[in-house]
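Data first, discussion second: the structure below is written as structure tokens.
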Amino acid sequence: MNARRIVVPVGQTLRSYWGTAVLLAAACAAALAALAPAAAVVGPGAGLATRLGLPAAGGGDFGFAWGEFARSADAIRAHALANLSHVLVGVAAGVVAVAWLTALSLGAARATARAGETAVRRAVGARRLDLLVSALLEGGAIALAALVVGGATGLAATRITLGAWPGTAGPAATGPGVAALLLTLSGIVLGALLSLVAARPGARLVNAEEAPLALAVPALQLGASLTVLVAGSLLARGAASAAPAADPVARSGEVVEITTREATPAERAAAYATLLDELGRDSSIAIASLGSRGAVTGVGPVDVTGSDCGQCKWSTLWVPYHSFFAAYHLVSADSFRALGIPVLAGRAFTSADRWGGARVAVVSESLARLHFQPSGAVGRKLFLGHDQDGVYTVVGVVADRRPVGMGGADEPLEAVYLSVLQHPAPAVELLVRPARPGAADGAVERALGRALGPHLASATRLSEARVLDGAAAPLRWFAAVLGAEGWTLLSVAAVGTFAVMWLWVAAMLRELGLRRAVGARRRDVLRFVLARAALVALAGVAFGLWIGMMVWDSLRAAVPTLPAWDPGAVARYALLLAAATLLGALLPVWRASRAAPASLLAAS
């Protein structure tokens, strides 16, 4: 084997067809850069386990025994985090698939353009082995360029992305990332090997009679891209809806995370009552709310609850009792006002709902409507946990509240609120809003010292805005990463669809010349090609909608508040991808329509 006969043509080919080589390397480099952050979230373990973690919220000790189906707030957030991580990995798989198709498409375009050159090399004595080695070297050179640029960009993007993650990150798994990298780069090499097909006598990469089969490639690209892009848009929309509103009043307070030392429940209840009384008498404080950890953001543990329904319909039966899942929260007398939750029926808690008093509860509107008879929930009974004293009287109904941040969408709207003075949990959070900015400085420390004294183990002070923003930060992180993945996918898919449509028109030049030769006008040729390009766009959108309906619906397992689909996002991305399809066909057919029929007949 003469190395010169192999290496020199490779260099000449890369120089002569540098445009498609640059497009091919750039498309795959962009895909690798987008894949790196997504692959970095995968940790060791089965099922593509996520390496991302969130700080423990704790505070699940409500003073009664939870049932076997109970889920803590930390478990709910971990489940939502795993679901979103899997969605991110799925989007990355879509990027790999579209990048792979794009690499093959551009490789086919290069092979078509070089068909005559390849035939000449065969005619002057080049063996198929020489052509094979040349193709591998050419594909390897382009793949190496994509790897260097995409790898460096991906590493930088991964550092930035993981550095912005508002939580913890465990060890990474290298297998998924390496597999995605090899699969993406294999498309470049396989595309380069298509030149061997063009080397066969009479071989054509695209046959005009087989146009529907050729056009299936851009239709698949368009449909897959549409599905993934809309999925990313839906998740970004879900993240935005779960973020807290920028209400200056609701963000002006301070949250104190309190942990107490060993004490009896009665002692803690008395200390908490003293704390609230101290703060309530202080004129510098407008609102003082004491509740379970997560009460400010609305995230709490979930367990099975029973209701003394009375006469409620279940399926086709009328039953006197209901069992259902509900979220649990501890609150104080001022909590509903502090959190902006209006009381719809009955009353809120008072300072009299304390240790040793009658067990009472307040329920959300959804719980009252679905699990009590139409006459109302106030005055009826709830059965909570496995506690022998777990019978509570409903004294009020409040509006539903959708929790903020990760895991909030997994919590039921059915919520049970209990008095923190009847369930003095060891870990609570105190929300304080001053009567005016800076008025309460020092008042909280003095009240904590006088009320809790030796029972106080720690008190961490955070601004209310920081707590709310911190709860929504993980969802915002996923929205940003998915947005970057989506736009990268859009770019790669547009390049790939454009290239395939160009290739298809180039393969039809002889047919277009025949049509011109027998009297077809320029507008007839344009209409003939653009009509088929429009059919490709419509077929791709239909395929994307068909697959997308299943994919988008599965996203609701991660973010149940999402709609089934987003017509605006579908229309927006469908128009962009359809434009790439039509433009890829328009440019070459416009040039062909201006050429003489004889030159078109000689083109293939």
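The distance from the alpha carbon centre of segment 373-424 to that of segment 565-591 is 51 Å, rounded to a whole number. Taking amide H as placed 1.01 Å from N in the peptide plane, L456 has its amide H under 5 Å from the amide H of R261, each at least 5 places away in sequence or on another chain.
Can you classify segment 462-604 as rounded, prolate or oblate using the Cα gyration tensor, where a ≥ b ≥ c are the square roots of its eigenvalues, rounded means a/c under 1.5, and otherwise it's prolate if a/b beats b/c and oblate if not? Prolate, because a/c is 1.5 or more and a/b exceeds b/c. Here A480 and L576 are evaluated by their C-beta separation; at R0 = 35 Å the FRET efficiency comes out at 0.95.
Couplings 3J(HN,Hα) of segment 511-521, computed from phi: 5, 5, x, 4, 4, 5, 5, 9, x, 5, 7 Hz, in residue order, whole Hz [Karplus 6.51 cos²θ - 1.76 cosθ + 1.60, θ = phi - 60°; x for Gly and Pro]. For a paramagnetic label modelled on H79 (point 7 Å from Cα along Cα→Cβ), amide N atoms under 18 Å away belong, within segment 344-387, to 385.
In segment 443-576, a dipole from Cβ-located charges (positive for Lys and Arg, negative for Asp and Glu) runs towards its positive end, and of A479, L509, L575 it is L509 whose Cα lies farthest in that direction.
Sorted by packing (mean other beta-carbon atoms within 10 Å per residue), highest first, where do 348-359, 535-546 land?
Values: 348-359: 16.0, 535-546: 19.8.
Ranked from most to least packed, the peptides come out as 535-546, 348-359.
Hey, with R₀ at 25 Å, roughly what FRET efficiency would D277 and R402 work out to, going by the Cβ-Cβ distance, to 0.05? The partial results should precede the final answer.
Working: r = 32 Å, r/R0 = 1.28.
Efficiency for this residue pair is about 0.20.
Find the relative contact order for segment 395-499 and round it to a whole percent, using C-alpha pairs within less than 8 Å whose residues are 6+ positions apart.
Once normalised by length, the contact order is 38 percent.
Placing a pseudo-label 7 Å from each Cα along the Cα-to-Cβ vector at R461 and R261 gives an inter-label distance of 2.2 nm. Please work out the C-alpha center-to-center distance from segment 300-361 to segment 486-549 and express it in whole Å. Distance between centres, Cα-based: 60 Å. Placing unit charges on the Cβ atoms only, positive for Lys and Arg and negative for Asp and Glu, gives segment 494-548 a dipole magnitude near 340 debye about its Cα centre. Solvent exposure of F324, expressed as accessible area, is near 20 Å², computed with a probe of 1.4 Å over the protein chains only. Ligands, DNA and RNA excluded, the heavy atoms of V397 present near 10 Å² of accessible surface to a 1.4 Å solvent probe. For segment 29-38, the Karplus equation 6.51 cos²θ - 1.76 cosθ + 1.60, evaluated at θ = phi - 60°, returns couplings of 5, 5, 5, 5, 5, 6, 6, 4, x, 5 Hz by residue, with Gly and Pro reported as x.
The values are calculated or read from the model by the stated rules, or taken from the named source; none is laboratory data. Fair warning: this is a prediction, and the values are worked out from it, not measured in the lab. Note that we place each Cβ from the backbone using ideal geometry, even for glycine, and neighbour counts take in every protein chain shown. Heads up: the accessible areas ignore ligands, DNA and RNA and are worked out on the full protein's heavy atoms, side chains in. Shrake-Rupley method; radii C 1.70, N 1.55, O 1.52, S 1.80 Å.
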